[in-house]
Structures are given as structure tokens and as C-alpha cells.
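The values are calculated or read from the model by the stated rules, or taken from the named source; none is laboratory data. Please read these numbers as outputs of a predicted model, since none were measured by experiment. With ideal geometry, Cβ positions are generated from the backbone for all residues, glycine too; neighbour counts draw on all protein chains shown. For the accessible areas, the whole protein counts, side chains as well, though only heavy atoms, and no ligand, DNA or RNA atoms are used. Shrake-Rupley method; radii C 1.70, N 1.55, O 1.52, S 1.80 Å.
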Amino acid sequence: MAASSFGFSSWRGRSTSVTSQSDMTDVPGQTLSPNQASHLTITDSRPLSSSLNSYNYREPTRSFVPGSVRDHLSPVDSASFARSVREDTAELASYVLADKKDRLSTSFLRRISSTSSHQSLDQHESPDSQMPDAGTIDEVSEPPSPEFRTEDEPDSGPSALTTMLRRSPPQSPRDPNGGNGVTPFNGQQLSSTSLSQSSPSNVVSESTPLLGGLPRRPDSPGSATEVDDIESQKPKIGPWSSSSGIFGGGIQGTIRSIRSVANPKTWDKKVVFQSVVMDPIHCLPAVVVGLLLNILDALSYGMILFPLGNPIFSSLGPAGISIFYVSTIVSQLTFSTGSLFRGGIGSELIEVVPFFHNMATTITATVGEDKPDAVIATTITSFAISSMLTGVVFYLMGRFRLGYVVGFIPRHILIGCIGGVGWFLVATGLEVSARLEEFNYDLDTGRRLVQSDTLPLWLIPLALAVILFGLQRKITSKYFLPIYILCVPIFFYFFVFSIDSLDPENLRRAGWIFQAPEAGEPWWYFWTLYKFNLVHWGAVLETSGAMFALTFFSVLHVPINVPALAQISGEDHLDLDHELKLHGYSNFLSGCVGSIQNYLVFANTLFFMRSGGDSRLAGFMLAALTFGVMTMGPVIIGYIPVMVVGTLIFVLGFELLMDALISPRRKLKLLEYLTIVVIVLTMGIYDFVVGIFVGIILAFVSAILHASQVSAIRATYTGDQVGSMVRRNPSQHHYLHEVGSQTYVIKLSGFLFFGTIVGVEKKIRSLISDDVFTEHPIKFVIVDLWHVTGIDYSAAEGFKTINRLLYGKGVHLLISGKDAESRLGRDLRAVGLGADGPEVMFMPDLNSALESCENEQLKIFYARQEALRISRPAPSNNLDVPNKGQFNQSLDILSQSPRRDHLDRAARNVLNQQEMRRSTRWQNISEPLRLMLQIFYDLSDKNEDFWFRAKPYFIRKEFPAGTVIYQCGETAKGFYLLERGELRADYETPQGRLSEPIVQGTTCGELPFFSETNRTATVVAVKDCVVWVMDTEKWEKLQNEEKEVAQELLRISLKLTSERMDAMTKYISAVGN
């Protein structure tokens, strides 16, 4: 039954997932009828989350389980959002660049983004509203000085900063003319008519202009408006602050409050009247509603707390109701005292009933039916112990902040468990209505159900439940269910007293009316059942499995219900751990007083708060009235028709089954839905506790299957796509680019286990398959584990298989991102990776692994170069720069594989162009000319005659290892050519520090120097270095004397910068992915 006026379903709709209906406010062209609009009150206007404020979403009363998806999703045009953002970008750019004469309209500054929520749209002005002129300042009346301040005048602003400014001196006296005259300012009189009036809208939001008009401060307290705490800086008032009663203000404040209460002369009559008379009257309607909910719950669940079909427990229906009330009262007092939700409703956890029946059956079988007192004492003791166990678990979860752990349990498992409860309730409804000792799935039970004296007993409440279940979908009034249930006993007794042949005593013996409790049986009778001398502790121990299953099921609710309640009630300062500890206190205390589990009921709390019970006083009043009903409750049990309870149980069972099996069928995947079906059938037909553990096992199997489908391979690269950060000379760079495809990088992520390592192994097998390997030969495979969180034994063994596969093809395996001594490295080495088979290199980061592969490839390159040097023709006497087409000799090394053939082609390609660099003539050229020829050869077509003109402008310098060449942020004062040694450039990036090795035969610091900007990195000498430096003075002199050389240096610096930026960008992208 959906209560449209409140935006949530009836208290009886214990849904396990939110079913979908389109929100009337979201459907174009559909508006609220006047009748529907009249139900909307101020308390109902608070914004609900988009997943909960839909009319078709039936909210569960006692449990909240978010639905996976809606049946019908509203279309979202993401492309339109992007276009809107791009239009704003273009208009903002035009606005900045436009002249004052051509200044565009500022209407787009007030335009709200398409992605704004409905709430934001409602709070802002319409597009036609006028924006205050930015060039005028609204008049602001001066705040009063302390001597003119009235006692009742509010002085707090929307934030702590505003309050401080308002209270800070100097403050001018209030204008005697009420602010309507002139305002003194620096000795001058400014007419208020010359100042623009403030905007009538006082709504402050994210789209409010930062420099909008200043709001006028009201002149009188009566005209002051309530301003929200915009900056969230105002001190938060807790439940026990001074404004909340005698518990605020610390010990001294408490003592003063007690003295005031003890001294009637200090009482304020108005305050006393408001607190003692008016406040309780205002809470009374909500309290009556809450009391009605408690009574109906007691009849539905307290009555069947014990298996009434068992002769041992057949007379314990009233005791069950008393136990229910005690648990409800304890939880209500606990949550009303300390919960963040002032109108929180605590009640018995209804899902405990099937667990308790299971425990009672186990204890009966262990102790024996011939010892009814021992069975009852053992059973009720186990109930209380389970409640204390649940309380301890709740408290420990809150104490160690473990509420988030519940988020790891799949929601469809909870749906299946509650569906199992629904099945159990239907079976219990048949058992209670037909007065069966035990409901079994056999022919004997079927024959008993169709007997003439039994068939009407369960058929009538079943028909009433079906009618009620159908009418709830059409009648949305919150009063329909109570009226319907109350009409059942009224009509029952109408026929009983109208027909002479119907006698209440005969009907009671026939099973139409509950057996009356023994005369004089008090509400506290259940306490007399605790006979610890008769408790069979071995039987209690046998029920430990059911206790832990019950605890697990209880723990599932609170971390789901409480955040959902905070979201739908608009509470942004929820402390889930505090609420968990409160549940621990409540359940432990309930067990200590002989009662059972309880929790903060989700939809009952919403119903109570929306009915006006959003106060702690209302909660205490509800607990008091519930206690009053409990004291006189057992007397009326003997007059309640069985069909009333049977109808309630059937309806609840139908709703839970529908929410578990019907509503989610389009929302869940097939495997998840089948898991729900299996859980429901196992719980209903075989065993309730076994069903929970079957659900947990299926959840793990489902999680493994789904996790296995998510590839552990995060990204793949080749060496020509991403290289190391080492700054190498042009010949090396060119060769590495040619052979980079023989290095293959595989980045993995997540936790590697037996389900995901299969995909990695499959990828490796595809790389070394004959057809792929012939087309794209590889020499090195780098497996980067930077984003890997852990690995299991099976996955570690999988790496050994991968290593053997690669070794068979002559491919070397490198592990990067994890050191060999890291936890992951030790796990891999523990299974023998790199020790029992081919060697494996562990590198701390991807850059080191790429650098290692590049060095190995360069070794092959220089080996071929040395082999070529033997067959090189004698050098000529000329000192000409070699022609790129002169060298046509072939290498003597024959290719023996696709991989080696690729290396030979690359080496031949490079050596055809570069071999003459190492000729004797170049070796005899003095520095820095030889260095310039070597570095600039691929970047410039100028010969040594041209670069000889730049030689006088470089100065030789030596730096020992550890010297800081320059710091990041310094003014660039030099351009460096590295002749010998090694430098390291350290960059500070948002992703962390990035280091770039700079080897000899390269440049350093060219971009900031030639662009006259600050240094972007810190450069340190790793080894003793010899560098040639051009400083600022030499550069200016070169520009004046050798303009062509200076121009060529600028062009080369741009090429070098482009290459380095490209390499750095690719590496950073590879590391981040």
C-alpha cells in the first residue's frame, strides 16, 4: 500500500527492494491532482533522493534494500550536457575578450547547467528575473552597538565568519530614523535612494553570483528571516546541548538546570505550559500511529514467536507478545535517548521468527518432549543469549568502525534471505490458521489441510489476505490497513452473536479463536519461564549455528537501513558507527532483561517522523503507551480471532515473496535471480539456516565468476609506444624506436587469483603463437604490477607457467612495479619464480624495466656496429660530413629468426646513416665541436664549418657527483652539453616525483634557457660530469654576432623539447593507466 502523500509505502509493505513507478513529477505532462496536492504538507516537502521519491517505489517498512535499477529509466542526453558545457565555455571566452562596448548579455551567467538537480531548479529564480546591477552597492543598515542591542535580537549569521563580523566593533548606533533616512559614511551623507535595492531573493546556492547585491539586514527582530548555515561553520547543537534539556552545558549547566527545576519560583509559566501540555499534544497523533503499528506487529510476530503448533509452546502466544513489547520498549528508549534520529522507532527484528522456530525444534529434539519445562527454559534462554550475542557484534562493529563491511555482501543475497522469510511466513500462516503442530511437505499435511474441519480455518484468512493484498495496490490511504484488520474481528463477532449455534467456547476449541491465557497470568509471565536449573546447555550449544546465522542476518539490516534513513530524511551528519553501538546497547540490554533482538525500523521511523513524531519526547511517549498496552495485553488474547493474525501473516508473506521473486526479475541478472530462487527454496523447503549459508556460498561463486570475467590486464604497450625516461643521444634514440616493438608491456591491476591469471596466460600464449610471433617478434615482456593489490597461490604458480612459455621462445620476463622484497615480490618468489626455472628480473618501477630492455637492445646494436667496423673502408683525408647514401655494405651477420632479422634491419638502417660518426676524423675534432656534431646531426643539416662558429660561446665546466646544477623554479642561466658523466632531472608532478636520467652526448636545460622562463626541474650530477655551458651573456653575444647560428640553436631546442615532451607524456600516460 503506497502512501502517496508521504512518498513511501504502508507500514506493512516490508519490501526487500525498491520497486519502480515513475515519479509523477518527472513525467512530462502529468501533474498532481488537487486531491493529491492537498496531502502535501510542509513536513512532506523535504527533498527525497531520486531513487526513493518515486511513487512506484514501495519502501520497506522494517528493512531498506536499494533496488539495483529501475524498470523504466528516464532518457539522459549526455551529448546535450556536453554541448551545453561547450556553449558556456565559448560564451565565457567571448565575454572575457569582448570590449565594454560589445559586452555580451550576462544572461548566460545565470543559466543553470542541464545537470542541475530538480531541487536546484526549484530554488533559483526564473530566467526572467532581473539581476542586480554589478556596478551598484545595496544599502546595508549598520548593526546596533551593544548598548542599543535588544536582548531578543538575533546576532548569529549564516556562518561563524558572518557572526563574528556582525559582533565585531566598531558598530555604529542604529539609525534613529529606522534606516529610512541617510547613512553616515566617512563624514558624508549618502542618500539611500541613490543605492539600488537588494534582490528580493535571499536563496543562496552554488550558482549565486559571488559579487551579487548585499542583502539588507532586517531592522527588527520580527522581520529577521531564518538563514541556513551556508558555510557549515555554526556550532552544531547535539542532543544533550543546553537547548535540549538539563544535560547541556557540562556539569555546571546540569547543576544550574537541576536547581531551576527544583525551585518553582524560577519556572517560566509559558515554557512549562509549552513543554508539559502543548508539546505532548502535538506529538499525540504520531504516538497513536506508532502505538497502532506496535500492536499490529505484536499480533503478527510476537504471537508466533514460539512455534504454537508444537503442544509444548501452544500456550505461549501471550508470552511471545510480552517479549515483543519488552524488546520494543528497550529499543525505543535507547534510540530516543541517543540516536541521531530523534523520531527513531525501535522494534523487534521480525526476521528472527524462523530462526527461533529452528532453535526451538532443535532444542525439543535434544531435550525431549517429555521434559516441557526444560525445553521451554532452554529455548527462551537461547533466545536471550542470541540477543546478547547480536548486541556484542553490533557494538564491536561500531567500536572498530566496521559498518562498511556489510557493503561487501551482495544485496541479492539479502533479498533472497527476506524472500525465504516470506516463504516461512506463508507456511507459518497455514500452520497457525490450521492449528497444525508442524507444517511438513508431505501427503499427511496435505490431507490434514483439506479436511472439512480444517479447510475453512486457513482458507478464509488466505482469501482475506488475497483481497487485502490486491486492494493495497489501489487504495493508498494509510488508514486502510488498520480499518481492514479491525473490521475482521467486528464482522466475525457479528456473525458469532447473530447465529445462536456459534458459541465462543466451541469456536475456541475448534481453532477459530486463540486460547485464553490462564486466569491471572500477568504480562511478566515470560520471566517465570527462565529456570536456569532446567536449562540444557548442550542443547543451547547446538543452536549456536542458528545464533550466528541470526546475528549475520541482523547485521545486514542496520548498515543498510540507517544510511538510507539519513538520506531520505535529509540528515547529512550521520555517524553510522554511533548508531551501530546504540544497536549493540539495545540488543544486549534486551537480552539481559530476557527479551530478543531489535533494531531501528526504517519505514516505521519515516511514517512516525512524517506524522509529526520527529522529537525525542514523542519517542518516550510511545514507549510509555506501549508499556501501558503491554500490562493489559494478555487479557484480550483469548478474544482475538485466529483469522486476524493469519491474515496479517499471509499478507506479509505475500509481500516479501513478491519483493523477492517478482519485483527484481527485470532488475537482476539471470545468475543473481537464480541465486535468489535457490535461497528461497532452500530456506522454505529444507532449512532456514542452511539457506543462508547456501546463499553465502552462491554469492562467493557468483562473485568469482563475475570477477573472472573482468580482465586483470589494465593496458598493453610496446616499446615504440612508450619508452624509458632516459635522455639518450639521437643515434640510440633512433635505433630504440626502430626495435621498440620487441618490448611488450602488460599492466595488470586488482587482486590476481586463479580466475584472472587465466586471462593473462591466454594473452601471453597469443603473443608467442607462431603466426603472431613471425609477424611481431618480441624479445622482452614486462609485466607491471604497480596497480596489483595482491596475489593468491594459484596466480603465483601461473607466473611460473608464463615464464616457462616465454623462455621457450627466447623471451625474457621482467616484473616491474614491485620490488623483490615487497609482499607481492616475496609471494612470487615463494613459489619459485626465477629460482626453479628461467631467471626473472624484478624492477621497482616501469621506467627501470624499460631502461633495462633498452640497454640490452643497445648492446646488440653496438655489437653489430663493432662487427661492421672491421669491414669498414679506409677513411679519406677529407673531413666532410658523410652522405647518408654512401654506405651500402651489408652486414655479415646472417639472420636466423624473425626477431634477429628485425634487429639486423634496424641496425643496418641506423648504421647506414650514422656509422661515419665514429670515424677517426670525428674523434680528432676537439670539444665541444665534436659533441655538437654528434648531438645535432639528426636535428640539423649544418656541417662542422657552421657549428665551428658556435664553439667560442661554450665554456667547459666540471661538476663532482652530488652537485646540484640548478634548482626547480630558478631563472634559467645556462644551456648544457653533457660530454661525460650522468645527470638526473627531478620533476614534481601531481602524480608524484618523476626522474629523468640524462646520459652523455645529450643536452640539458634548453627550453627554459632559450624561452627565458624558470626551471621546471631540479638537475643533480649523479656521476662526475664534464659539461659545456652557454650562459646568458654568451647567448646574447651569439645573437648579436652569429644570428644564423642562434636561429639554428632555437630551432634545435624546439625539436629536442618536442621529443622529450612526447616521451614524457607517453610514459606518464602509461604509468597512470
Quick one: ranking Phe552, Phe1009, Phe273 by accessible area, 1.4 Å probe, largest first, what do you get? Phe273, Phe552, Phe1009
FRET efficiency estimate (nearest 0.05) - Cβ-Cβ, Arg900 to Glu866, R0 22 angstrom: 0.85
Solvent-accessible area per residue, Å², over segment 444-556 with all protein chains present [probe radius 1.4 Å]: 58 Å²
When every protein chain stays in place and a 1.4 Å probe is rolled, Thr528, Thr1057 sorted by accessible area with the largest first are Thr528, Thr1057
Per-residue HN-Hα couplings for segment 846-863 [Karplus 6.51, -1.76, 1.60; θ = phi - 60°; Hz; x = Gly/Pro]: 5, 4, 5, 5, 5, 4, 5, 5, 5, 5, 5, 5, 5, 4, 5, 4, 6, 5
Amide hydrogen neighbours beyond the local backbone of Tyr966, cut-off 5 Å, H modeled: Val1019
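Sort the following peptides by mean Cβ neighbour count (other Cβ atoms within 10 Å, averaged over residues), highest first: 958-966, 376-384, 673-681, 558-566.
So the order, starting with the most tightly packed, is 376-384, 558-566, 673-681, 958-966.
Which value results for Rg/Rh of segment 459-605 when Rg is the Cα radius of gyration and Rh the Kirkwood radius based on the inverse mean 1/r? Let's see the in-between values first.
Numbers: Rg = 22.1 Å, Rh = 20.6 Å.
My calculation puts Rg/Rh at 1.07.
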Computed from the beta carbon distance with a Förster radius of 25 Å, FRET efficiency for Leu455 and Gln515 to the nearest 0.05 stands at 0.75
Distance histogram in 10 Å bins (all Cα pairs of segment 653-800, percent per bin): 10, 26, 21, 17, 12, 9, 4, 1
For segment 580-678, the accessible surface attributable to carbon and sulfur atoms (probe 1.4 angstrom, ligands and nucleic acids excluded) amounts in percent to 75 percent
For Arg727, which sequence-distant residues (separation of 5 or more, or a different chain) have an amide H within less than 5 Å of its own amide H, given hydrogens modelled in the peptide plane? Ile998, Val999
So with the 1.4 Å probe, I'd like the accessible area per residue for segment 937-1073, rounded to whole Å². 51 Å²
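Given the pairs Lys957/Lys1066; Lys763/Lys818; Lys779/Lys1066; Lys809/Lys1066; Lys763/Lys1066; Lys581/Lys669, which are separated by over 25 angstrom at their Cα positions?
Lys957/Lys1066; Lys809/Lys1066; Lys581/Lys669
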Set the Förster radius R0 to 35 Å, insert the Cβ-Cβ distance between Asn440 and Phe751 as r into 1/(1 + (r/R0)^6), and round the FRET efficiency to 0.05. 0.15
Taking the Cα-to-Cβ direction at Glu988 and at Arg765 and moving 7 Å from each Cα, how far apart do the two end points lie in nm? 5.0 nm
If I stretch the segment between Asn855 and Ile697 completely, what's the gain in nm (0.36 nm per residue apart, minus their alpha carbon distance), one decimal? 51.8 nm
